[in-house]
Amino acid sequence: MTPQSPAALSTPELFERALAEIRADDPEWHWDHLVALHQRPTPEVFETARALTHDSDPERRELGVRVLREVGRDDPAAAALRRDNAPVLRDLLEHEQDLTVLAWVVSAIGYNQVTEALPDLIRLAGHPDDAVRFHVAANLPVLADPDAPEDAAVAALELLTGDEDEDVRGYAIYGLVTELNVDRDRIAGTLARLLAHPDPDVRRLAAGEPS
């Protein structure tokens, strides 16, 4: 029997199967049902996802956040529904205790361009969890003013350029050097440190060279 296309499933069925994908957490999984939810920006999908963010099961909360992260992202007609994600995500950012869910919340904040949450992300730059710091490094440049980045955002990225985690460090350097228009004199000390780093990839990123 040919498997039923995700697009042919009801919204409750899609959520059920997307939850199975979350629980499996298989790196080879294609996440077909989660992606199908992203491509169905209906009020039912938004409302179900928001309700899941209050569930006692962290994997259900993760599913809710990961749906809100991208559902309707490329659909202008869904803009009003996506705007209503901001207070839900900011509340989660303040209260979520599960580190996996928190990391996805940080990412969803960036994907939804919740710029008013910039100070909250800056405070997480020193978080002990690598995944949380990774998403902070990746999403701070999205929320900062690209032409006149806030001093605190620049300082947070400078801190993260020295992170012990390679991926965190790489995203922070790229954001600081390539994504934001930061005066080089302003970060001269950080750039000097990075350009003298023993890792050639760090030096390349600090120099703004392409991959």
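Could you tell me whether any residue of the stretch 25-34 is over 18 Å from the mean Cα position of the chain (by Cα), free of Cβ contacts under 8 Å to residues at least 12 places away in the same chain and closer than 24 Å to ALA77 by Cα? No, that holds for no residue.
Once the stretch 1-10 is narrowed to residues that are loosely packed, with under 15 Cβ neighbours inside 10 Å and not hydrophobic (A, V, I, L, M, F, W, C), the residue that is modelled with the highest pLDDT is SER10. Of the listed requirements (1) open to solvent by less than 20 Å² (accessible area, probe 1.4 Å); (2) aliphatic (A, V, I, L, M); (3) closer than 17 Å to GLY72 by Cα, ILE22 misses just one: (3). For the stretch 25-58, filtered to residues that are among the acidic types (Asp, Glu), within 23 Å of PRO87 (Cβ to Cβ) and in a helix (DSSP H, G or I), the residue that is most open to solvent (accessible area, probe 1.4 Å) is GLU47. In the stretch 105-119, how many residues are open to solvent by 70 Å² or more (accessible area, probe 1.4 Å) and not in a helix (DSSP H, G or I)? The total comes to 1.
Just one of (1) under 26 Å from LEU92 (Cβ atoms); (2) modelled with pLDDT under 95; (3) of a type outside the set (Asp, Glu) trips up VAL132, so point out which. In the conditions (1) under 26 Å from LEU92 (Cβ atoms); (2) modelled with pLDDT under 95; (3) of a type outside the set (Asp, Glu), VAL132 misses (2) alone. Going by the conditions given, is ARG66 open to solvent by 40 Å² or more (accessible area, probe 1.4 Å) and in a helix (DSSP H, G or I)? For ARG66, the condition - open to solvent by 40 Å² or more (accessible area, probe 1.4 Å) and in a helix (DSSP H, G or I) - is not met. Of all residues in the stretch 80-92, those that are more than 16 Å from the chain's Cα centre (by Cα), under 17 Å from ILE109 (Cβ atoms) and either in a loop (DSSP other than H, G, I, E, B) or among the aliphatic types (A, V, I, L, M) (or both) total 2.
Count of the stretch 14-28 residues, restricted to those that are more than 19 Å from PRO58 (Cβ to Cβ) and touching a helix residue (DSSP H, G or I) at 6+ places or on another chain (Cβ under 6 Å), is 1.
Checked against the criteria, LEU102 counts as in a helix (DSSP H, G or I), touching a His at 6+ places or on another chain (Cβ under 9 Å), open to solvent by less than 20 Å² (accessible area, probe 1.4 Å) and of a type in the set (A, V, I, L, M). Scanning the stretch 176-200 for residues that are over 14 Å from LEU159 (Cα atoms) and touching a Ser or Thr at 6+ places or on another chain (Cβ under 9 Å) yields no hits at all.
The values are calculated or read from the model by the stated rules, or taken from the named source; none is laboratory data. Since the structure is predicted, the reported quantities are computational estimates derived from the model, not experimental observations. Cβ coordinates were reconstructed from backbone atoms using ideal geometry, including for glycine residues, and neighbour counts include every protein chain displayed. SASA here: full protein model, heavy atoms, side chains in, ligands and nucleic acids out. Shrake-Rupley method; radii C 1.70, N 1.55, O 1.52, S 1.80 Å.
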